[in-house]
Amino acid sequence: MAITKCCVLLLVPLVAVLVAADQPRVDYYSETCPNVEAIVREEMERIIAAAPSLAGPLLRLHFHDCFVRGCDASVLLSSAGGNTAERDAKPNKSLRGFGSVERVKARLETACPGTVSCADVLALMARDAVVRARGPSWPVTLGRRDGRASSAGEAAASLPPADGDIPTLARVFASNGLDLKDLAVLSGAHTLGTAHCPSYAGRLYNFTGKGDADPSLDSEYAGKLRTRCRSLTDDGMPSEMDPGSYKTFDTSYYRHVAKRRGLFSSDASLLTDATTRGYVQRIATGKFDDEFFRDFGESMTKMGNVAVLTGADGEIRKKCYVIN
Ligand code: HEM
C-alpha cells in the first residue's frame, strides 16, 4: 500500500511535466529541431529578396489558415479524392505563396525529419514576412500539429467577407476569440499586398444594386480605382491596398482608411464603430507607430493560438499539401 502511494506521488509530477512538454511554447523545438527559426529566417530572406511582393500573401496564408478549423495548415491541403479543399474555395483563389511554404518545409524535413508541423511553418513565415517588410517581430509560440481535413465549403462559410460590416466582422472575429481591437489591429495587415477588382468592384459600380458607388468611399479615390478596375467583372490588374507603400509594413494604411480611402467595405467599416474608429484615428496620426507594432504582434499571437491541435491530435505532415 505504502509502495503504491509512493509510486502515485512520483508519477503525478512526471505526467504533469510530460503534458506540459507537449503544450505549445516558444522553445517547443529546442531539443528536436533547435535551428528551426534560423532555417525559416534564412529561407524567408531568400524568398522575399527574390519576390518582395510575396510578404503580403505569406502573411495572409496564416490568417486564412487560422480562421478555418484553427491554425492546422488545412489551407495548404490540395483537393483530392472528390474532396474540394479550402484552397479551392472562392475567397482562397487569390492566395499565393504555396510553393514557398513547400520549399521551407522541405528544408526543415532535411534538417529534422517529421518534426516541424506545417501549421508552425505558416506561423513563422508570416512573422518573418512582416519582419522582412520592415514591420515588427514577435515571439512565435510553436507546437501546433497539422489537421487531416480541409473543406472548401467550410472556408467559404468561415472567412470574413470583403463587404462585411462591423457586426458581421465582429461576429467572425469573436468566433475565433478575437475582439474589436484585434479586428482594428489585424486589418492593419492590409498595409501589405494587392487586391483584385472583384473584391471591391461592387463599391465602385453597384453599391445598392442601382449601378451606384459607395458614398463612404472618397470620390477622387474611387475615380482612380475605376481606371484599374473597369467593370464588375474586370479581373485584370491588381490594386495596391496601401497605395505608395504596399511592400512596406507601416501605419499608412490607417491614414488611408481615416481619409475614406480604405479599399474594401471591411476596411471602411472600421470608421463606423467607436472602438475601431478610435484605433484607426489614433494610429493614423503617425505618433503611435510603436504601439501599433506592439499591438500587431500581440493580436497575431492571439490569432496564432486559435483552435491549435496538440498531443495525439492531428499529425506532422511530411509534405504540406497532402496528409501523410
Ligand atoms: C477583417 C477582415 C478581412 C477581410 C474582409 C479581408 C479581405 C481581403 C481581401 C478581399 C483581400 C484581397 C484578395 C484579392 O482580391 O486578391 C485581402 C488581401 C489581403 N489580406 Fe485581408 N482581409 C481581412 C483581414 C486580414 C487579416 C486579419 C490579415 C492578416 C493578418 C489580412 C492580410 C491580407 C493581406 C496581406 C492581403 C494581400 C494579399 C496579396 O497581396 O496577395 N487580411 N484581404
### Query
Roughly what would the spin-label model give for residue 221 and residue 45, points 7 Å off Cα along C-beta, in nm?
3.7
### Task
At q = 0.17, 0.26, 0.28 Å⁻¹, what is the base-10 log of I(q)/I(0) for region 240-301 according to the Debye formula with one equal point scatterer per Cα and no solvent? Please give it to two decimals.
-0.56, -1.23, -1.31
### Message
Quick check for you: which residues of region 229-254 have the amide N under 18 Å from the point 7 Å beyond the Cα of residue 282 toward its beta carbon?
### Response
251-254
### Task
Can you put 87, 145 in order of Cβ neighbours within 10 angstrom, beginning with the fewest?
87, 145
### Task
Quick one: give the max-minus-min coordinate of the C-alpha atoms of the chain along each principal axis, largest first, in Å.
81, 42, 36
### Query
Using a simple charge model, +1 on the beta-carbon of Lys and Arg, -1 on the beta-carbon of Asp and Glu, nothing else, what dipole does region 18-158 show about its Cα centre, in debye to the nearest 20?
460
### region 35-86-region 248-315 distance, computed between alpha-carbon centres (Å)
20
### Message
Using only alpha-carbon positions, what ratio does the radius of gyration of region 124-183 give when scaled by 2.2 N^0.38 Å?
### Response
1.41
### Query
Using alpha-carbon positions, what is the distance between the centroids of region 197-242 and region 138-174, in Å?
26
### Cα gyration tensor shape of region 190-274, rounded if a/c is under 1.5, else prolate or oblate by comparing a/b with b/c
oblate
### Task
Once you have a ≥ b ≥ c as the square roots of the Cα gyration tensor eigenvalues for region 209-324, tell me rounded if a/c is under 1.5, and otherwise prolate or oblate according to whether a/b is larger than b/c.
oblate
### Query
Please state the relative contact order of the chain as a whole percent: Cα pairs under 8 Å, 6+ residues apart?
25
### Task
Using a/c under 1.5 as the rounded threshold, could you call region 57-181 rounded, prolate or oblate? The axes a ≥ b ≥ c are square roots of the C-alpha gyration tensor eigenvalues, and prolate needs a/b larger than b/c, oblate otherwise.
oblate
### Task
Measure nothing fancy, just the Cα-based angle from helix 274-284's long axis to the longest principal axis of the chain, in degrees from 0 to 90, nearest 10.
80
### Message
For a quick check: with amide H placed at 1.01 Å from N, whose amide H comes under 5 Å from residue 83's, ignoring anything fewer than 5 positions away on the same chain?
### Response
none
### Query
Excluding same-chain residues fewer than 8 positions from residue 259, which aspartates and glutamates have a Cα within less than 17 Å of its Cα?
214, 218, 220, 240, 242, 250, 267, 273
### Message
Using a Cα-Cα cut-off of under 12 Å, which aspartates and glutamates could be cross-linked to residue 90, ignoring same-chain neighbours fewer than 8 residues away?
### Response
154
## Note on the structure
Most exposed first, judged by fewest Cβ atoms within 10 angstrom, 210, 181, 93 run 210, 93, 181
### Task
List the relative contact order of region 73-193 as a percent without decimals, with contacts defined as Cα pairs under 8 Å and 6+ residues apart.
27
### Message
Just want the ordering: 249, 288, from fewest to most Cβ atoms lying within 10 Å of their own Cβ.
### Response
288, 249
## Note on the structure
Whole-Hz Karplus couplings 3J(HN,Hα) for region 254-269, θ = phi - 60° and coefficients 6.51, -1.76, 1.60, Gly and Pro as x, run 5, 5, 4, 4, 4, 8, 6, 10, x, 6, 9, 4, 4, 5, 4, 5
### Task
Give the calculated FRET efficiency between residue 290 and residue 30 to the nearest 0.05, with a Förster radius of 25 Å applied to their Cβ-Cβ distance.
0.25
## Note on the structure
Per the helix-only model, the chain has a calculated mean residue ellipticity at 222 nm (DSSP H runs of ≥4, -39500 (n - 2.57) each, divided over all residues, rounded to the nearest 500) of -14500 deg cm²/dmol
### Query
Of 23, 82, 56, which is farthest along the charge dipole of region 18-158 in the positive direction, counting Lys and Arg as +1 and Asp and Glu as -1 at C-beta?
56
### Task
Evaluate E = 1/(1 + (r/R0)^6) for residue 102 and residue 271, where r is the Cβ-Cβ distance and R0 equals 51 Å; express this FRET efficiency to the nearest 0.05.
0.80
### Task
Pairs of Cα atoms under 8 Å, at least six residues apart: use those to get the relative contact order of region 235-316, whole percent.
23
### Query
Can you list the HN-Hα couplings for region 98-104, worked out from phi with the Karplus curve (6.51, -1.76, 1.60; θ = phi - 60°), rounded to whole Hz and with x for Gly and Pro?
4, x, 5, 4, 4, 5, 5
### residue 322-residue 234 FRET efficiency (beta carbon distance; Förster radius 45 Å; 0.05 resolution)
0.80
### Task
Give me the number: length gained by fully extending residue 88 to residue 149, i.e. 0.36 nm times residue separation minus the C-alpha to C-alpha distance, one decimal in nm.
20.6 nm
### Task
Show which aspartates and glutamates lie in cross-link reach of residue 318 when reach means a straight Cα distance below 17 angstrom and same-chain residues fewer than eight apart are skipped.
72, 102, 109, 120, 146
### Summary
Amide H neighbours of residue 28 at under 5 Å, excluding residues fewer than 5 places away on the same chain, with H built from the backbone geometry, are 142
### Task
Mind pulling the angle between the C-alpha long axis of helix 55-66 and the longest principal axis of the chain? Nearest 10 degrees, somewhere in 0 to 90.
60
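Read-outs: derived from the displayed coordinates by stated rules, not from any lab. Since the structure is predicted, the reported quantities are computational estimates derived from the model, not experimental observations. Methodologically, a virtual Cβ is constructed for each residue, glycine included, from the backbone with ideal geometry; neighbour enumeration extends over all protein chains shown.
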